[in-house]
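The values are calculated or read from the model by the stated rules, or taken from the named source; none is laboratory data. Quick caveat: nothing in here was measured; it's all calculated off a predicted structure. Reconstructed Cβ throughout: ideal geometry from the backbone, glycine too, with neighbour counts over all protein chains shown. Each accessible area value is taken on the protein alone, full model and side chains, heavy atoms only, with ligands, DNA and RNA left out. Shrake-Rupley method; radii C 1.70, N 1.55, O 1.52, S 1.80 Å.
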Amino acid sequence: MANALQSGVVPVTDSRSSKPDTDTEFLTQVGAGAVLRGALLKLLEVRSEDPIGFLADHFGNLAQSLENGDSGSAVEGDKKKQHQQQALQSSEEQNQHARALWHLTQAHHSQRSAFNNNVAVAFSLLSRGGRKRKLGLKGRVYTELLRRVCRDGGVAEPVSAPLIKKLHCQDHEAVPFDLFRHAVLTCFVFADFVRKSRSLFETVSPSDGILCRAVLGSLRDALETTGCSDPARYLEASAKLTPGRLAQAMDRAQTLASGTPSTHMGQEEFIEEASALFISRVKLVS
């Protein structure tokens with residue numbers, strides 16, 4: 001009986017054996033209480049976003065299984081249907097991400113008007129309701145898009161993870177357009193910033209740690225002069241690091257470090273430290 005309650009499938013007694021005197025006696029006699037309790041337990045276990053649709057499917061499968069005399073088929077049918085729905089929802093989300101990314105890449109973020117229009121189109125695409133999904137952009141879909149923007153921009157996941165953590169929303173949270181626009185722009189600018197940082201690293205040969213620190217220091221100073229929350233300004237600041245300015249910084253660093261043992265800094269470490277300078281200045285939209 002315990003197994004029957006958990007699955008929502010219970011043997012229904014023959015209501016014709018005796019006529020109930022009250023409504024409560026009738027419900028007890030036909031086993032409705034146990035059936036309803038089993039259905040609610042199943043709903044709590046699955047936590048479907050469409051509880052009415054789930055219960056309708058559950059009772060439909062239950063009725064079919066009782067007609068066929070197979071109490072186990074309904075449970076297996078429920079599980080199979082849930083897996084199919086999850087797979088279908090995942091496929092729909094992947095298609096939505098692909099379409100949204102296509103629009104977002106049709107104009108560079110420096111073309112601000114065109115880029116903003118494409119951001120609005122992408123937001124609309126991702127906010128559409130699908131199967132068992134309500135209208136509106138949820139945090140899970142939003143956060144996954146940010147990951148894909150960074151990944152498609154050539155940013156390794158360990159490098160982008162701190163930025164995604166700073167920008168992410170909880171899976172169930174509704175994401176407003178202003179936050180979406182700010183986060184998408186930030187990720188595109190960040191990808192360009194990482195590419196710029198790689199170019200700066202290549203100016204230091206052969207990966208001398210002292211010279212790398214000097215370049216990072218110049219980059220930090222350039223970022224601190226922006227005084228603006230617009231992420232695109234951070235990229236502009238890094239672009240102002242002229243070869244002459246970098247050469248002066250490296251010459252000064254070599255002079256100060258004269259006589260000290262040389263150190264080594266790899267590209268991965270350099271990129272991570274440069275990225276941390278960018279991420280520390282990213283502002284959150286309230």
(request) Would you confirm whether any residue within region 181-203 is in a loop (DSSP other than H, G, I, E, B) and either in contact (Cβ under 8 Å) with a residue 12 or more places away in the chain or more than 25 Å from HIS108 (Cα to Cα) (or both)? (result) yes
(request) Considering only region 268-282, state which residues are open to solvent by 10 Å² or more (accessible area, probe 1.4 Å) and among the hydroxyl-bearing types (Ser, Thr, Tyr). (result) SER280
(message) Tally up the residues in region 179-209 that are of a type in the set (Gly, Ala, Ser) and under 30 Å from the mean Cα position of the chain (by Cα), please.
(response) 4
(request) Please enumerate the residues belonging to region 205-214 that are open to solvent by less than 10 Å² (accessible area, probe 1.4 Å) and modelled with pLDDT under 80. (result) GLY209
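Taking the stated definitions as given, is LEU277 under 23 Å from LEU167 (Cα atoms), part of a helix (DSSP H, G or I) and modelled with pLDDT of 65 or more? Please lay out each step first, then the result.
On the way: under 23 Å from LEU167 (Cα atoms): yes; part of a helix (DSSP H, G or I): yes; modelled with pLDDT of 65 or more: yes.
It is true that LEU277 is under 23 Å from LEU167 (Cα atoms), part of a helix (DSSP H, G or I) and modelled with pLDDT of 65 or more.
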